[in-house]
């Protein structure tokens with residue numbers, strides 16, 4: 001079994017996921033770079049290694065049972081356990097997303113990745129996480145998943161565009177994460193949600209105002225919580241995000 005703390009970050013070949021992997025690698029951790037695309041994944045691993053991180057590639061499609069099972073086997077063979085899982089992989093879905101115009105198939109596709117994919121990966125990794133002394137799970141959400149912020153009447157309290165696929169998928173993820181926290185409350189596993197803020201990535205056409213490194217900070221904070229840290233919470237850099 002590896003003596004080094006081992007983490008897996010999904011969707012880690014670029015953007016926020018890459019910066020999460022870089023940040024955890026800078027702590028001296030061994031970091032699995034989970035990604036579907038072989039070329040992008042290996043390029044990310046090479047960049048991380050060049051920066052001094054102990055990074056390794058993990059072929060991973062969160063929508064595919066066999067891929068997720070193989071990823072868990074790879075980590076078990078390499079490290080014998082998993083200390084931190086960061087569920088970062090996600091998609092926005094196609095346009096339009098106004099509820100009167102959205103294609104129901106697009107909603108299904110987004111939920112398959114952003115919610116069911118996280119359940120699939122988390123459940124596959126739980127046996128490895130249970131072997132850790134301080135297991136942590138971080139699910140990357142978004143402030144658009146906050147019903148409080150979505151239902152604000154003033155401009156300053158309403159977040160994001162009208163989006164009947166992406167925003168509800170994050171609300172769904174928030175609800176599922178709370179259920180995990182309830183089930184796992186008597187274990188050592190801490191599971192929380194992180195909002196990276198409006199980050200400039202290809203997910204939003206680089207319209208964001210924060211850098212991927214800034215967006216990764218909350219995930220790194222939640223991944224390194226002390227044993228008496230919170231579980232079942234929703235956090236951003238400024239503190240708690242309202243449900």
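Could you please find all residues in the stretch 32-68 being out of contact with any helix residue (DSSP H, G or I) (no Cβ under 6 Å at 6 or more places or on another chain), touching a residue at least 40 places away in the same chain (Cβ under 8 Å) and under 28 Å from residue 108 (Cβ atoms)?
34, 65
Going residue by residue through the stretch 76-95, is there one that turns out to be surrounded by 19 or more Cβ atoms within 10 Å (Cβ to Cβ), modelled with pLDDT under 95 and over 20 Å from residue 219 (Cβ atoms)?
Yes.
A quick yes/no check of all residues on (1) surrounded by fewer than 23 Cβ atoms within 10 Å (Cβ to Cβ); (2) within 22 Å of residue 214 (Cβ to Cβ):
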residue: 21; (1), (2): no, yes
residue: 26; (1), (2): yes, yes
residue: 30; (1), (2): yes, no
residue: 39; (1), (2): yes, no
residue: 42; (1), (2): yes, no
residue: 46; (1), (2): yes, no
residue: 49; (1), (2): yes, no
residue: 57; (1), (2): yes, no
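Need the failing condition index for residue 29 against (1) within 22 Å of residue 131 (Cα to Cα); (2) free of Cβ contacts under 8 Å to residues at least 24 places away in the same chain, just the number.
(2)
Checking the condition surrounded by fewer than 17 Cβ atoms within 10 Å (Cβ to Cβ), at pLDDT below 95, more than 17 Å from residue 89 (Cβ to Cβ) and within 16 Å of the chain's Cα centre (by Cα), which residue from 156, 213 passes?
Details: 156 fails: within 16 Å of the chain's Cα centre (by Cα).
Within the list 156, 213, the selection yields 213.
How about the stretch 15-56: which of its residues are over 15 Å from residue 84 (Cα atoms), assigned to a loop (DSSP other than H, G, I, E, B) and out of contact with any strand residue (DSSP E or B) (no Cβ under 8 Å at 6 or more places or on another chain)?
37, 51, 52
Against the definition (at pLDDT 95 or above and under 21 Å from residue 8 (Cβ atoms)), how does residue 108 come out, yes or no?
Values: at pLDDT 95 or above: yes; under 21 Å from residue 8 (Cβ atoms): no.
When the stated conditions are applied, residue 108 does not pass them.
Just name the residue that is surrounded by the fewest Cβ atoms within 10 Å (Cβ to Cβ) out of those in the stretch 123-151 that are closer than 24 Å to residue 110 by Cα and out of contact with any helix residue (DSSP H, G or I) (no Cβ under 7 Å at 6 or more places or on another chain).
Filtering the stretch 123-151 for residues that are closer than 24 Å to residue 110 by Cα and out of contact with any helix residue (DSSP H, G or I) (no Cβ under 7 Å at 6 or more places or on another chain), the one surrounded by the fewest Cβ atoms within 10 Å (Cβ to Cβ) comes out as 151.
Considering the stretch 83-94 alone, what residues qualify as being assigned to a loop (DSSP other than H, G, I, E, B) and in contact with a strand residue (DSSP E or B) (Cβ under 6 Å, 6 or more places away or on another chain)? Quick ask: steps written out before the conclusion?
Taking the stretch 83-94 first, the residues assigned to a loop (DSSP other than H, G, I, E, B) are 83, 88-94.
Matches in the stretch 83-94: 83, 88, 89.
The values are calculated or read from the model by the stated rules, or taken from the named source; none is laboratory data. Just so we're clear, the structure is a prediction, and the values are computed from it rather than from any experiment. Counting neighbours? That spans all protein chains shown, and the Cβs are built from the backbone with ideal geometry, glycine included.
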